[in-house]
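J.: Questions regarding the structure given below will be posed in turn.
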Amino acid sequence: MARPESNGGSRAATLSDVARLAGVSLATASKAINGRDQVAATTRQRVIEAAESLAFTPNALARSLTAGRTGTVGLLTSDLEGRFVIPILMGAEDAFGAGQINVFLCDARGDAIREQHHLKALLNRRVDGIIVVGRQTDPRPSLGHDLPVPVVYAYAPSDDDTDVSVTPDNVTGGRLAAEHLIATGRRRIAHISGDPAYAAAQDRTVGVQAALAGAGLELVGDVLYSEWSEHWGRDASALLLASHPDVDGIVCGSDQIARGVLDTLRDLGKRVPEDVAVIGYDNWEVLATNSRPELTSIDANLKQLGRAAAMRIFDAIDGIEPDTGVHHLPVRLVIRGSTIPRR
């Protein structure tokens, strides 16, 4: 196949031309040209060389994405003030900005009627796609399949498996937390978490118990569930240590709970991490880095989650068949002084 002529020829090179010449998919070509993650260095170089040989530029990418479209995407959230939502929106907006896509942000404030109003407004603006960002990881109602544009659900997955959803892997997060305590020599491990009605609380517990079972250990006492607060962390840890004073590791379902646990351990004269190691969840830096000692935590990679949602919108705009279902994206362990003594 002859290469498209880029200067004075019949037409300018498109992203499809670059992908074809480099021998990669449209999605991979888009990621490589925009410097996004999850592209091997050799593949990225091959795509760049193909783009250069065709005189294809990021501005051409923008034109290829927006040809015949408005070049806009809607971000529809239910909780704009939520600390989980903001980094997801930032990650998505970063990705759209790199691809020359403008963003309309709408906050439904948890109101289904308001959400429908915003959805209608976005469609009237002829956006090319919509990302729906939830406030928690529990499944939410699907917007349905009658919409004229692609929809991706982020953080809160759709309850319809034929939709496209991305959410943090909380089961793996719970497992990573418990495995880290086990690796530091802890054998008497307990778990304090938040509201048991939340999918996040249940998923993290599944991961913790799986890690303990894999090491031939059992959880000390029952999982202590209540609210996602420092107050609960203080009360639960006091109750736990009164019944099981030999506990040497505590996995907490959130950083707020972990902060409360640290308070109680200090009040009881327990050294952290020498006597009891503590790990939180969410890696809320304002809490984790100002704790005494600084708090080891699980980071849900929320900005990356937002970028992943945006990339799936890019794929849909490029006409790539969506990979439907719920995609559980990687989380990571951030080690600080609450589990490993500082030297």
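J.: Among K270, K120, what's the order by accessible area (1.4 angstrom probe), most exposed first?
T.: K120, K270
J.: Using the charge dipole of the chain (Lys, Arg: +1 at Cβ; Asp, Glu: -1 at Cβ; taken about the Cα centre), state which of I101, G216, P168 has its Cα farthest towards the positive end.
T.: I101
J.: Please report the net charge: other residues with Cβ closer than 12 Å to the Cβ of L181, K and R +1, D and E -1.
T.: Numbers: positive: R175, R186, R187, R188; negative: E179, D248.
Net charge around L181: +2.
J.: Something else: Per DSSP H run of n ≥ 4, the term is -39500 (n - 2.57); total these for the chain, divide by its residue number, and report the mean residue ellipticity at 222 nm rounded to 500 deg cm²/dmol. Don't skip to the answer; put the middle values down first.
T.: On the way: 12 runs with 142 residues, N = 343.
Value at 222 nm, helices only, nearest 500: -13000 deg cm²/dmol.
J.: Mind checking which lysines have their C-alpha under 27 Å from K31, skipping anything on the same chain fewer than 8 residues away?
T.: K303
J.: Let me ask something else about it. Obtain the nm distance between the two label points defined at D323 and L123 by a simple spin-label model: each point lies 7 Å from its Cα along the Cα-to-C-beta direction.
T.: For D323 paired with L123, the spin-label model returns 2.9 nm.
J.: Please list, in chain and number order, the residues 5+ apart from L105 or on another chain whose amide H is under 5 Å from its amide H, with Hs placed from the backbone.
T.: HN-HN under 5 Å from L105: L75.
J.: Quick one: which residues, 5 or more positions from G249 or on another chain, have an amide H under 5 Å from its amide H? H modelled 1.01 Å from N in the peptide plane, none for Pro or chain starts.
T.: Those qualifying (amide H under 5 Å, at least 5 residues apart or on another chain) are R188, A190, A277.
J.: Under Stokes-Einstein, with the Kirkwood radius over Cα pairs standing in for Rh, what whole-number D in µm²/s applies to the chain at 37 °C and 0.692 mPa s? Mind showing how you got there, number by number?
T.: Values: Rh = 21.9 Å.
Translational diffusion coefficient: 150 µm²/s.
J.: If contacts are Cα pairs under 8 angstrom and at least 6 residues apart, what is the relative contact order of the chain in percent? Present the calculation step by step, with values, prior to reporting the outcome.
T.: Working: 709 pairs, mean separation 59.3, N = 343.
Value for the chain: 17 percent.
J.: Using Cα pairs closer than 8 Å and at least 6 residues apart in sequence, work out the relative contact order for the range 180-336, in percent. All intermediate terms of the calculation are to be shown ahead of the outcome.
T.: Values: 246 pairs, mean separation 31.0, N = 157.
20 percent.
J.: Now, a different point. By accessible area of protein heavy atoms, probe 1.4 Å, what ranking do L239, L217 get, highest first?
T.: Details: L239 100, L217 40 Å².
Sorted by accessible area, descending: L239, L217.
J.: Oh, and also: 5 Å is the cut-off here: which amide hydrogens, built 1.01 Å from N in the peptide plane, fall below it relative to S193, excluding neighbours closer than 5 in sequence?
T.: L224, Y225, S226, G253
J.: Please report the accessible area of R114 (heavy atoms, 1.4 Å probe, ligands and nucleic acids excluded) in Å², nearest 10.
T.: 90 Å²
J.: Taking 8 Å as the Cα distance limit and 6 or more residues as the minimum spacing, I'd like the relative contact order of the range 244-325 as a percentage. Don't skip to the end; give the middle numbers.
T.: Values: 84 pairs, mean separation 20.7, N = 82.
Result for the range 244-325 is 25 percent.
J.: Can you give the angle from 0 to 90° between the axis of helix 112-124 and the longest principal axis of the chain, with both taken from C-alpha atoms, to the nearest 10?
T.: Between the helix axis and the principal axis of the chain, the angle is about 20 degrees.
J.: Still on this structure: Tell me, in nm to one decimal, what length is gained between H244 and E274 on full extension, where the rule is 0.36 nm per residue of separation less the Cα-Cα distance?
T.: On the way: separation 30, 0.36 × 30 = 10.80 nm, distance 1.69 nm.
Length gained between H244 and E274: 9.1 nm.
J.: Leaving out ligands, DNA and RNA but keeping every protein chain, what accessible area does Y155 have, in Å² rounded to the nearest 10, with a 1.4 Å probe?
T.: 10 Å²
J.: In 10 Å bins starting at 0, how do the alpha-carbon pair distances of the range 145-293 split up by percent?
T.: 12, 40, 30, 11, 6, 2, 0
J.: In the chain, with Lys and Arg counted as +1 and Asp and Glu as -1 at Cβ, which of these residues, A55, L26, G337, has the Cα nearest the positive end of the dipole, that is, farthest along it?
T.: Result: A55, furthest along the dipole toward the positive end.
J.: Just how much of F104 is accessible, in Å², when a 1.4 Å probe is used and the result is rounded to the nearest 10?
T.: Here the residue's solvent-accessible area equals roughly 60 Å².
The values are calculated or read from the model by the stated rules, or taken from the named source; none is laboratory data. Just so it is clear, the structure is predicted and the values come from calculations on it, not from any experiment. Because the Cβ atoms are built from the backbone with ideal geometry, glycine has one as well, and the counts that use them run over all protein chains shown. The area values use the complete protein model at the heavy-atom level, side chains included, leaving out ligands, DNA and RNA. Shrake-Rupley method; radii C 1.70, N 1.55, O 1.52, S 1.80 Å.
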